[in-house]
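J.: What follows is a single structure, and I will ask about it in a moment.
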Amino acid sequence: MTSFKEACRARNLLEDGDEWRNCLREACSFQMPSKLRQLFTFICVFCNPTSSLALWKEFKSYLCEEFELHTSVHQSVDLALHNLANQLHAHNMALMSIGLPESAISHSYVEMERQGERLMSMLNPLQRTIFDAVIRAIQDVDKASPKAFCVNAFSK
């Protein structure tokens, strides 16, 4: 061995990112994309990988998979980045702080609230009853109360 670093590598004393790559690779075989994004966030926040960007690039297709069903590839990447940004925000971190590009999506909470109020005003009485029941269940902190709903309705 010609260098101290090579000796350390031979004894597995250096982290090279393979541990997190292997972790994500294994999780990709059985986890849903939302759980993969959560795992990716935990790795970035708590494990300090050598390159979050390299992990993102390698596993981007898996992290964006559920969004690709209803949007373009570009939009699915933005949605996944936006989701990661929200998760990182809970840990007082941002995409830029871990070396990832910013999402092109920016939501105005005021605009989202207006849109929600507008859409709620369009509910018919039966839809409003169901909506109110679901909201009550979400706000109910009693874990023993039922939280499952089956809504059977026609759509246009």
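Any read-out appearing in this document is the output of simple, stated calculations on the displayed coordinates, not a laboratory observation. Keep in mind that this is a model prediction, so the values were computed, not measured.
J.: Tell me, how many Å apart are the Cα centres for the range 52-89 and for the range 111-156?
T.: 28
J.: Now a separate question. For the chain, return all DSSP H helices satisfying: extent of Cα atoms along own axis at least 27 Å; mean Kyte-Doolittle hydropathy at least 0.5.
T.: Length and hydropathy pass: none found.
J.: Mean projection of the alpha-carbon convex hull of the chain over all orientations, in nm²?
T.: One quarter of the hull surface, i.e. the mean projection, equals 14.2 nm².
J.: Let me ask something else about it. Find the Rg to Rh ratio for the range 53-134, where Rh is the Kirkwood radius over alpha-carbon pairs and Rg uses the same atoms.
T.: 1.11
J.: On to the next question. For the chain, what is the number of Lys pairs with C-alpha distance below 29 angstrom, counting only pairs 8 or more positions apart or on separate chains?
T.: Taking the chain as the scope, the lysine pair count is 6.
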